[in-house]
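Step one of this worksheet: look at the structure below.
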Amino acid sequence: MTMRRLINLKRAEARRIYLTYAIVIAAYIICQVMSSTKFLSSSMRGMLVPICAYMVMAVSLNLVVGILGELSLGHAGFMSVGAFSGVATAILLQGFIPFAPVRLAIAMIVAAVFAAFAGFVIGIPVLRLKGDYLAIVTLAFGEIIKSILNNFYLGVDSQGLHFSMLSDTTRLLPGGKLIIRGPMGISGIQKIATFPAGFILLMIALMIVFNLVNSRSGRAFMAIRDDRIAAESIGLDITKYKMMAFVMSAALAGSAGALFAMNYSTIVANKFDFNTSILILVFVVLGGQGNMLGGIIAAAVLTILPEKLRSFSEYRMLLYAIVLIVMMLATNNAEIKEFLSRLNPFRHKEEA
Amino acid sequence: MKKVLVCSLLVLAMSASAFGAAFKIGGTGPLTGGAAIYGIAAMRGAQIAAEEINALGGDVQFDLRYEDDTHDAEKAVNAYNALKDWGMQVSLGSVTSKPCEATAAENFADRIFALTPSASSAAVTEGKDNVFQMCFVDPNQGTASAQYIGEKGYAKKVAVIWKNDDVYSKGVRDTFVESAGKFGLEIVSETAFADGNDTDFSVQLTDAKDKGAELVFLPMYYQPASLILAQAQAMGYAPKWFGIDGMDGILTMEGFDKSLAEGVMLLTPFNADAKDEKTVKFVTEYQKRFGEIPNQFAADGYDCVYAYCQALTQAKATPDMDAETLCPKMIEQFTTMTFNGLTGENVKWSKNGEVTKDPKGMVIKNGAYVGLD
């Protein structure tokens with residue numbers, strides 16, 4: 001009896017994962033067809049890439065918040081590390097790799113590496129803490145990253161790369177180019193981020209997270225989340241597993257940041273402030289902690305919503321807030337949940 | 001709130017009145033949030049101009065629409081795309097610099113001509129043949145300020161307080177510091193602040209005071225400037241103050257004690273106290289509708305629409321032309337024509353979209369802007 005239930009549970013889990021993939025792929029195909037047949041408005045087409053980036057952010061934060069059970073309020077910080085390192089890489093490679101998709105892929109990988117490194121460095125002090133303390137310290141680190149990038153100058157000339165902090169003392173040779181200009185961020189970015197690239201990144205992120213969650217380490221994450229003391233007592237290395245989830249999450253956020261930044265011609269560190277971190281957390285909470293598909297859908301809905309409310313002009317943000325509150329209440333209401341689960345075709349099989 | 005209501009009603013009324021053949025002209029700007037004063041002013045200025053032109057009933061009629069971008073590049077691109085869906089033929093770019101850099105790239109890619117009222121960073125027009133500015137480019141403001149202070153002999157020892165995470169502030173500060181020596185100014189104190197620590201300026205002010213600065217240059221927007229003025233008064237420091245066009249708007253800020261700004265000088269291309277017919281007419285109309293004195297952004301918005309009117313008339317453009325057809329015609333007109341507006345006479349544009357006109361020095365006296373010369 002117990003065995004059978006376990007097997008069934010596993011099947012339900014697998015079904016949930018395949019359903020997530022299927023919905024993401026179907027949504028991609030529909031959007032792509034609509035976009036190429038000009039059926040999609042410019043407004044929607046312009047939002048495809050940022051939505052993909054936000055979806056990856058939601059998946060990435062869900063790993064920390066939903067699976068590991070730790071609240072991170074500085075996730076936009078990793079996004080900005082990825083955005084700046086990725087864009088700088090893409091600009092440096094401009095002369096060497098003319099084929100944009102390859103350049104984008106390399107930039108996103110570099111962004112992931114830089115963000116993972118930032119995640120590791122920040123993780124060392126942060127992961128010693130738990131609960132509210134951890135949340136507050138991640139918030140602080142998010143702001144620190146923003147301040148550093150606001151005061152960071154990076155230039156390139158025939159002698160190589162030059163860095164400086166606070167003010168521009170790079171003293172570039174003639175013909176040199178200042179890439180990151182402190183508070184002015186990066187200007188003149190080639191827009192090489194594409195919707196297919198965003199889709200591929202989202203699929204990769206989902207595969208990584210699902211595989212991680214259903215591996216031995218993933219079980220350890222959840223054990224730590226559910227009962228830290230019990231997990232420690234059976235010999236799990238808490239810090240190691242926490243670090244693993246945190247670094248992986250930071251890496252995904254980094255590549256999402258690179259994708260996001262390369263969809264605009266300009267990027268500033270102030271974009272990735274506390275508000276952005278909270279926005280991503282809202283995606284995760286609204287979608288359901290630990291629920292990847294929910295987070296993805298929430299990211300799409302909450303990005304499109306303010307644009308669809310444009311006709312209400314000044315009352316737009318007020319309406320947005322009201323809709324958000326209603327959605328939060330509705331998704332947590334037991335009766336509505338019950339109603340929704342009745343619509344789920346797999347429900348009966350699970351109970352059987 | 002009432003103002004907002006009146007304002008949205010006006011927009012509605014306007015789009016309703018502009019039926020039939022009119023040029024669809026659209027812009028983005030911060031209509032909500034911290035920078036809203038600029039976006040709303042530019043939008044109102046443009047509205048007045050569009051209505052005046054429509055009332056004349058000439059060949060060129062305008063259907064104007066502004067979308068909110070909350071001073072954010074991502075939202076600005078969204079707003080731009082919404083305008084594109086609406087069928088925008090010529091664009092007013094964005095009101096603030098960084099969002100405009102993002103929308104200007106879209107303008108360039110889509111071949112929709114843009115004339116921004118007030119986005120002043122150099123990167124807005126850089127490398128784009130169809131993006132033009134109505135305001136000075138940031139670096140010019142720094143040089144012009146240094147020149148003005150130096151040549152008029154207002155001070156020798158100067159302090160600079162700037163915002164080091166702001167494009168606009170940094171752009172002006174860089175060229176000011178660079179050219180200060182050339183005009184006999186000595187920079188004795190240079191201090192910065194950033195978002196998040198922009199409420200307490202005692203460190204910066206004490207530094208300026210201790211080093212004997214006679215004049216403090218404030219290349220920033222008006223909110224931090226208002227705090228600096230208040231805190232300087234509290235600590236008994238009374239140097240000369242010199243601001244740039246971002247300081248414009250300080251007098252209409254809610255809850256600001258106007259006496260603090262007494263004697264503040266600023267360099268701005270528009271002077272609401274000027275006695276010429278055009279300015280008087282605009283200021284009276286603006287005051288009648290919105291109950292406040294228009295700032296430079298409003299005048300820039302107003303001028304943009306009139307410049308479009310002139311260019312479209314001279315190019316013999318008709319509203320049935322699409323954006324791509326209008327674009328080369330507008331580039332041709334703007335690089336050759338001379339425009340007389342509120343923000344300057346004999347305004348000309350260079351091939352790279354930058355404007356040439358004379359800046360006007362102003363000083364705040366009895367709670368109003370008065371020309372310095």
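When chain B is treated as a GNM, springs tying every alpha-carbon pair under 10 Å, which of B:Met362, B:Met247, B:Met235 comes out with the largest mean-square fluctuation?
Per the Cα network of chain B with a 10 Å cutoff, B:Met235 tops the list.
List A:His162, A:His75, B:His71 from most exposed to least, where exposure is judged by having the fewest other Cβ atoms within 10 Å.
Ascending Cβ contact count within 10 Å gives the list A:His162, B:His71, A:His75.
Relative contact order for segment B:139-268: what is it in percent, counting Cα pairs under 8 Å that are at least 6 residues apart?
RCO, segment B:139-268: 25 percent.
Kindly provide the helix-only [θ] at 222 nm of the protein assembly as shown, computed as the sum of -39,500 (n - 2.57) over DSSP H runs of four or more divided by all residues, to the nearest 500 deg cm²/dmol? Can you show the working numbers first?
Values: 25 runs with 407 residues, N = 725.
It lands at -18500 deg cm²/dmol.
Grab the beta carbon distance between A:Met34 and B:Asp200, set R0 = 56 Å, and tell me the FRET efficiency rounded to 0.05. If you can, show how the numbers build up before the last one.
Numbers: r = 52 Å, r/R0 = 0.93.
Rounded to the nearest 0.05, the efficiency is 0.60.
Taking the Cβ-Cβ separation of A:Ala330 and B:Ala230 as r and a Förster radius of 45 Å, what is the calculated FRET efficiency to the nearest 0.05?
Values: r = 46 Å, r/R0 = 1.02.
Once the sixth-power term is evaluated, E becomes 0.45.
List, in order, the whole-Hz ³J(HN,Hα) value for each residue of segment B:305-317 obtained from phi through the Karplus relation with A = 6.51, B = -1.76, C = 1.60 and θ = phi - 60°; use x for Gly and Pro.
So the Karplus estimates, Gly and Pro as x, are 5, 5, 5, 4, 4, 4, 5, 5, 5, 5, 7, 6, 7 Hz.
P(r) of segment A:48-272 in 5 Å steps, Cα pairs, percent per bin?
1, 8, 15, 18, 18, 14, 11, 7, 5, 2, 1, 0, 0
In percent, what relative contact order does chain A have, based on Cα pairs under 8 Å that are 6 or more apart in sequence?
30
Can you tell me what share of the DSSP beta bridges in chain B is antiparallel? A percent to the nearest 5 is fine.
On the way: 12 of 42 bridges.
Roughly 30 percent of the DSSP beta bridges within chain B come out antiparallel.
Write down the percent of antiparallel bridges among all DSSP beta bridges whose residues are both part of the protein assembly as shown, to the nearest 5.
DSSP beta bridges in the protein assembly as shown are roughly 45 percent antiparallel.
For B:Pro319, what charge total do you get from the other residues with a beta carbon under 11 Å from its beta carbon, if Lys and Arg give +1 and Asp and Glu give -1?
With Lys, Arg at +1 and Asp, Glu at -1, the net is -3.
Most mobile of B:Ala49, B:Ala35, B:Ala238 per a Gaussian network model of chain B (Cα springs, under 10 Å)?
Highest fluctuation of the listed residues: B:Ala238.
Please give me the summed charge of the neighbours of B:Ala368: other residues whose Cβ is under 10 Å from its Cβ, Lys and Arg +1, Asp and Glu -1.
Its environment carries a net charge of +1.
Please report, in debye to the nearest 20, how large the charge dipole of the protein assembly as shown is about its Cα centre when each Lys and Arg carries +1 at its beta carbon and each Asp and Glu carries -1 there.
2260
What is chain B by shape, rounded, prolate or oblate, if you read a ≥ b ≥ c off the alpha carbon gyration tensor as root eigenvalues and call it rounded for a/c under 1.5, prolate for a/b larger than b/c, and oblate otherwise?
Here chain B falls in the prolate category.
Between A:Leu127, A:Ser217, A:Ala105, whose Cα lies farthest towards the positive end of the dipole of segment A:48-272 when Lys and Arg beta carbons carry +1 and Asp and Glu beta carbons carry -1, centred on the Cα centre?
Checking the options against the dipole of segment A:48-272, the answer is A:Ala105.
Could you tell me the relative contact order of chain B? Use alpha-carbon pairs under 8 Å, at least six residues apart, and round to a whole percent. Intermediate values should be presented prior to the final figure.
Details: 793 pairs, mean separation 65.8, N = 373.
This gives 18 percent for chain B.
What are the lysines whose alpha-carbon lies under 23 Å from the alpha-carbon of A:Lys10, with same-chain residues fewer than 8 places away excluded?
Filter leaves A:Lys337, A:Lys349.
Tally Lys/Arg at +1 and Asp/Glu at -1 over every other residue whose Cβ is under 15 Å from the Cβ of B:Ala22; what's the total? Each step should come with its number before you reach the end.
Numbers: positive: B:Lys24, B:Arg65; negative: B:Glu51, B:Glu52, B:Asp59, B:Asp63, B:Asp320, B:Asp322.
Net of charged neighbours comes to -4.
Karplus couplings for segment A:134-149 from phi (6.51 cos²θ - 1.76 cosθ + 1.60, θ = phi - 60°), rounded to Hz, Gly and Pro as x?
4, 4, 5, 5, 5, 4, 4, 5, x, 5, 5, 4, 4, 5, 4, 5
Taking neighbour Cβ counts within 10 Å as the exposure measure, how do B:Glu52, B:Glu354 sort from fewest upward?
Values: B:Glu52 17, B:Glu354 20.
Fewest-to-most ranking of B:Glu52, B:Glu354: B:Glu52, B:Glu354.
Give me the aspartates and glutamates in straight-line cross-link reach of B:Lys357: C-alpha distance below 12 Å, same-chain residues under 8 apart excluded.
Counting by Cα, and skipping residues close in sequence, B:Lys357 has these aspartates and glutamates nearby: B:Glu345.
So who's got an amide H within less than 5 Å of the one on B:Phe132, skipping anything under 5 residues away but keeping other chains? H placed 1.01 Å off N, in plane.
Those lying under 5 Å, H to H, from B:Phe132 are B:Ala114, B:Leu115, B:Thr116.
Under 16 Å Cα-Cα from B:Lys348, which aspartates and glutamates qualify once same-chain neighbours fewer than 8 residues away are excluded?
B:Asp129, B:Asp300, B:Asp303, B:Glu332, B:Asp358
What order do you get for A:Met207, A:Met222 when you list them from fewest to most C-beta neighbours inside 10 Å?
Ranking A:Met207, A:Met222 by Cβ neighbours within 10 Å, fewest first, gives A:Met207, A:Met222.
Which entries of B:Lys84/B:Lys329; B:Lys128/B:Lys360; B:Lys84/B:Lys288 show an alpha-carbon separation above 24 angstrom in the structure shown?
B:Lys128/B:Lys360; B:Lys84/B:Lys288
What's the tally of Lys pairs in segment A:48-272 whose alpha-carbon atoms lie under 20 angstrom apart, where the two lysines are 8 or more places apart or on different chains?
Number of lysine pairs found: 5.
So for segment B:139-268, if I pair up every lysine 8 or more residues apart or on another chain, how many of those pairs have alpha-carbons under 15 Å apart?
Lysine pairs satisfying the spacing and distance rule in segment B:139-268 number 12.
Using each residue's phi in segment A:68-82, evaluate 6.51 cos²θ - 1.76 cosθ + 1.60 at θ = phi - 60° and report the 3J(HN,Hα) Karplus result to the nearest Hz, with x for Gly and Pro.
Listing the rounded values in order: 7, x, 10, 8, 10, 10, x, 5, 4, x, 5, 4, 6, 4, x Hz.
Values quoted throughout were computed directly from the atomic coordinates according to the rules given, and no laboratory measurement underlies them. Just so it is clear, the structure is predicted and the values come from calculations on it, not from any experiment. Because the Cβ atoms are built from the backbone with ideal geometry, glycine has one as well, and the counts that use them run over all protein chains shown.
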